[in-house]
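Structure record follows, encoded as structure tokens.
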Amino acid sequence: MKDYKRTLVTAALPYANGPVHIGHLAGVYVPADIYVRYLRLRGREVLFVCGSDEHGVPITIKAREQGCSPQDIVDRYHGIIDGSFKALGINFDIYGRTSSKVHEQNASAFFRKLYDEGKFISKESEQYYDPEAKTFLADRYIVGTCPKCGNENAYGDQCEKCGCTLSPEELINPKSKLSGAEPVKKKTTHWYLPLQDYEQWLREWILEGHKEWRPNVYGQVKSWLDGGLQPRAVTRDLDWGVPVPVEGAEGKVLYVWFDAPIGYISNTMELLPDSWEQWWKSEDTKLVHFIGKDNIVFHCIVFPSMLKAYGDGFILPDNVPSNEFLNLEGEKISTSRGWAVWAHEYVRDFPGKEDALRYTLTANAPETKDNDFSWKDFQSRNNSELVAIFGNFVNRAFVLTHKYFGGKVPARGEMTEADREALAAIPQLRLSLEKNIEGYHFREALKDAMSMARVGNKYISDTEPWKLAKTDMERTASILNVCLQICADLAIAFEPFTPFACEALRGMLGLDLSWEDLGRDGIVPEGHQLGEARLLFTKVEDADIQKQLDRLAAIKAEREAAAKAEEAKRVSPQKAEVSFEDFSAMDIRTATVLEAERVPKTDKLLKLTIDTGIDKRVIVSGIAEYYSPEDMLGKQICILANLAPRKIRGIESKGMILMARQGDGKMRFITPAEALNNGAEIG
């Protein structure tokens, strides 16, 4: 393995049309921050780069919906996202923006160089055009009926109701989201990056050279390559984005997938205008991209192909640790449906518990498969692990040291087997912790750190220094000395995962600690004065969890109600034509219900005795789930009088009640607008 001089870490640029949620945090930003904090603890030279992705169609759609400019949208969400990261201790060296002047100039120059060197191909194609708004339509600007589920508000690229991927051609009755007009096909010219030209190079670089990459990343790349790469458009017809810097490209911008990854370079340029090249063009720099699985193709195929085409010494990623998706309470996170836990709302609702979220998201990290976040699990991990193990051990060690030794680290006497075992466990766990973090197995690394806390908690519980203090203060001193050494170990080991608690613990210890101190005996010197004890973690109360569960329950209930309302609007297709003679053969009349009772041993049947004006007869009808016998008494209804009699549950039924059934199955009987004589003919 190559020994790099420095490490450049990038985290996928979050899209600035909404806040970040726990899926984003678990998939990209918390693991990236863990890795960077670890490198810095080890004294490694590292640069952590991220920023808002601020171009593309969804932002223009949201701006139109809210009656403001795209810049207003990205300004708002850039601030919210940046604030959320800072509140959760995710500290980038720069959090830039793709709407910045530096990025516009850099992305334009990048495109222009490839254009001038003939690295693109141009193609004329027919794309959807709004004749009223006089603009080409991105797939998201075309809506219609989904051919798979019948959703009338499906987009031209996806139906968000059933989740299927679509193309505008598949939509039934497509309409422009801008004007409501029916879109037409119109010719337009765009530039494409011929990815097929880089296919063999990608195979050699990744499939042969990076078999150590995560199986989900390696497998997805292999699938794309085995399927054969195709040219990919790098420009779009749109009025928001980086303008295409060539003549004849008016009204066209760089496609957001081409524009956004260049943002990593632009942000580095903005931060380090004089030395950015050592981070992007030096073989001594290790480049690591942290992304979600929906970004694998862009970071492993498209962006490397762009850099290869550009040349000029740009380095390629050493690894691309991509996570799978995180679900919420057993359901896929959906921003459009509000089924999410937003980062900025979490820090508002759970002040002082930033570490608890980081810890839970790491413990449930979807590293190899989709995983789930639940509020009950969050509460359990905070209360049963952070509070009861890590926090409890540290608190007891500090409180007892202040109680018996005035807060000064006591001297250690003769070591026992229990002392040696506890201290010896830490260096072994350190080796595993290092291996797991450097292998991007952060969930396992967190277990290593918590195992250190379990060692300390078990040690202090087994040795019971609070009891020994009554008879053997020398032994009590030795036990607390060992406990304080382990407390210092925890302040180091947990720093990547729970930085706020570790900052407090370092303050209590009053020591500057480095990674090399982890597991070193004597890290806390005898006679050293400790700071006052304080709780590192506090419990999450049931009421706080119930509030979150109630919020989700309300979202689900609202969603179900909306689905039922939509279902009720659904109209069955018209039946086959009938002749007038067929219709005339039906004898439909008014009648009044005289008696009504449930049919024994059934849930749906009512036995109705009715006055038809011709006679009194019995009709058995399956309406008990909609009407009680009391509801029906005295009601005037419409019946098909000349329907052939049939026996239902041993009761002869002569006729059928006319009912209306809507899309959700709800049924109501048909009754005249005003009372008529029984037997009045309808037709």
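The values are calculated or read from the model by the stated rules, or taken from the named source; none is laboratory data. Small disclaimer: the values here were computed from a predicted structure and weren't measured. In this analysis, Cβ positions are derived from the backbone assuming ideal geometry, glycine residues included, and neighbour counts consider all displayed protein chains. Accessible surface is based on the protein model in full, side chains and every heavy atom, while ligands, DNA and RNA are left aside. Shrake-Rupley method; radii C 1.70, N 1.55, O 1.52, S 1.80 Å.
Under 1.5 on a/c is rounded, so check that first for region 98-232, then, if it is not, pick prolate when a/b is larger than b/c and oblate when it is not; a ≥ b ≥ c are the square roots of the alpha carbon gyration tensor eigenvalues. Verdict is oblate for region 98-232. At a Förster radius of 22 Å, what calculated FRET efficiency corresponds to the Cβ-Cβ distance of GLU414 and ARG534, to the nearest 0.05? Computed FRET efficiency for GLU414 and ARG534: 0.10. Can you pull out the GluC sites (Glu not before Pro) in region 550-620 whose DSSP state is coil and whose Cβ has at most 14 other Cβ atoms within 10 Å? Of the GluC sites (Glu not before Pro), the ones in loops of region 550-620 whose Cβ has at most 14 other Cβ atoms within 10 Å are GLU577. Taking the charge dipole of region 112-247 about its Cα centre, with +1 at Lys and Arg Cβ atoms and -1 at Asp and Glu Cβ atoms, the residue from SER122, THR189, CYS159 reaching farthest to the positive side is CYS159. Between the residues GLY439, LEU490, TRP515, the greatest Cα displacement towards the positive end of the dipole of region 430-521, with unit charges on the Cβ of Lys, Arg, Asp and Glu, is found for LEU490. For region 47-71 and region 386-405, write down the distance between their C-alpha centroids in whole Å. Centre-to-centre (Cα) distance: 48 Å. Normalised per residue, the accessible area of region 463-598 is 55 Å², obtained with a 1.4 Å probe and no contribution from ligands, DNA or RNA.
Taking a sphere under 10 Å around the Cβ of ARG570 and counting the other residues whose Cβ falls inside, with K and R at +1 and D and E at -1, yields a net charge of -3.
The modelled label-to-label distance for the pair ASP582/GLN66, using points 7 Å beyond Cα in the direction of Cβ, is 5.5 nm.
The chymotrypsin sites (Phe, Trp or Tyr not before Pro) of region 188-266 include none that DSSP puts in a loop with a beta carbon having at most 13 other beta carbons within 10 Å. As a ratio to 2.2 N^0.38 Å, the alpha-carbon radius of gyration computed for region 57-131 takes the value 1.55.
I need the trypsin sites (Lys or Arg not before Pro) found in region 341-400, filtered to DSSP loop residues with at most 13 other beta carbons within 10 Å of theirs. Sparse-neighbourhood loop trypsin sites (Lys or Arg not before Pro): LYS369. Sorted into 5 angstrom bins from 0, the C-alpha pair distances of region 294-387 split as 3, 11, 17, 17, 15, 11, 9, 9, 6, 3, 1 percent. A simple rule links phi to the HN-Hα coupling: the Karplus curve 6.51 cos²θ - 1.76 cosθ + 1.60 with θ = phi - 60°, which for region 656-668 gives 9, 6, 7, 10, 10, 10, 9, x, 8, x, 5, 10, 9 Hz, with x for Gly and Pro.
Here region 442-513 is treated with +1 on each Lys and Arg Cβ and -1 on each Asp and Glu Cβ, and its dipole about the Cα centre works out to around 240 debye. Normalised by residue number, the volume inside the convex hull of the Cα atoms of region 504-614 is 361 Å³ per residue.
Structural descriptor for region 486-528: relative contact order 43 percent, calculated from alpha carbon pairs under 8 angstrom and at least 6 residues apart.
Oblate is the label for region 50-174. Its Cα gyration tensor axes, ordered a ≥ b ≥ c, give a/c of at least 1.5 and b/c at or above a/b. Here LYS186 is the anchor, and the lysines within straight C-alpha reach of less than 24 Å, apart from those fewer than 8 places off in the same chain, are LYS123, LYS134, LYS175, LYS177, LYS252.
With a 1.4 Å probe rolled over the protein heavy atoms of all chains, the accessible area of ASP419, ASP312, ASP611 falls in the order ASP312, ASP611, ASP419, largest first. When Rg and the Kirkwood Rh are both derived from Cα coordinates, the Rg/Rh ratio for region 587-654 amounts to 0.93. Cross-link reach is defined here as a Cα-Cα straight distance under 13 Å, omitting same-chain residues fewer than 8 places apart; for LYS119 the aspartates and glutamates meeting it are ASP197. Between the listed residues GLN546, GLY527, ALA504, the Cα displaced farthest toward the positive end of the dipole of region 499-547, a dipole computed from Cβ unit charges relative to the Cα centre, is found at GLN546. By the Cβ rule of 4.7 Å, the chain holds the following cysteines without a possible disulfide partner: CYS50, CYS68, CYS164, CYS300, CYS483, CYS487, CYS502, CYS638.
Applying 1/(1 + (r/R0)^6) with R0 = 22 Å to the Cβ-Cβ distance of ARG559 and ASP157 gives a FRET efficiency near 0.50. The dipole here belongs to the chain: it is taken about the Cα centre, uses +1 on the Cβ of Lys and Arg and -1 on the Cβ of Asp and Glu, and is about 1260 debye. Shape index of region 564-683: Rg/Rh, with Rg the Cα radius of gyration and Rh the Kirkwood radius from the inverse mean 1/r over Cα pairs, equals 0.98. Let me make sure I get this right: for the chain, a, b and c are the square roots of the gyration tensor eigenvalues over alpha carbons, sorted descending. Under 1.5 in a/c it's rounded, otherwise prolate if a/b > b/c, else oblate. Which is it? In terms of gyration-tensor shape, oblate. For a 19 Å ceiling on Cα separation, which of these pairs sit above it: LYS332/LYS376; LYS2/LYS286; LYS353/LYS403? Listed pairs above 19 Å: LYS353/LYS403.
Here the translational diffusion coefficient of region 203-333 follows from Stokes-Einstein with Rh set to the Kirkwood radius across Cα pairs; for 37 °C and 0.692 mPa s it amounts to 196 µm²/s. Using alpha carbons only, how many degrees (0 to 90, rounded to 10) separate the axis of helix 442-463 from the longest principal axis of the chain? The angle comes out at about 60 degrees. For LYS647, a cut-off of 18 angstrom between C-alpha atoms picks up these lysines, skipping any fewer than 8 places away in its own chain: LYS601, LYS604, LYS607, LYS616. Solvent-accessible surface of region 26-77, averaged per residue with a 1.4 angstrom probe and all protein chains in place: 31 square angstrom. Here the calculated FRET efficiency for ASP550 and GLU444, from their Cβ-Cβ distance with R0 = 35 Å, stands at 0.50, rounded to the nearest 0.05.
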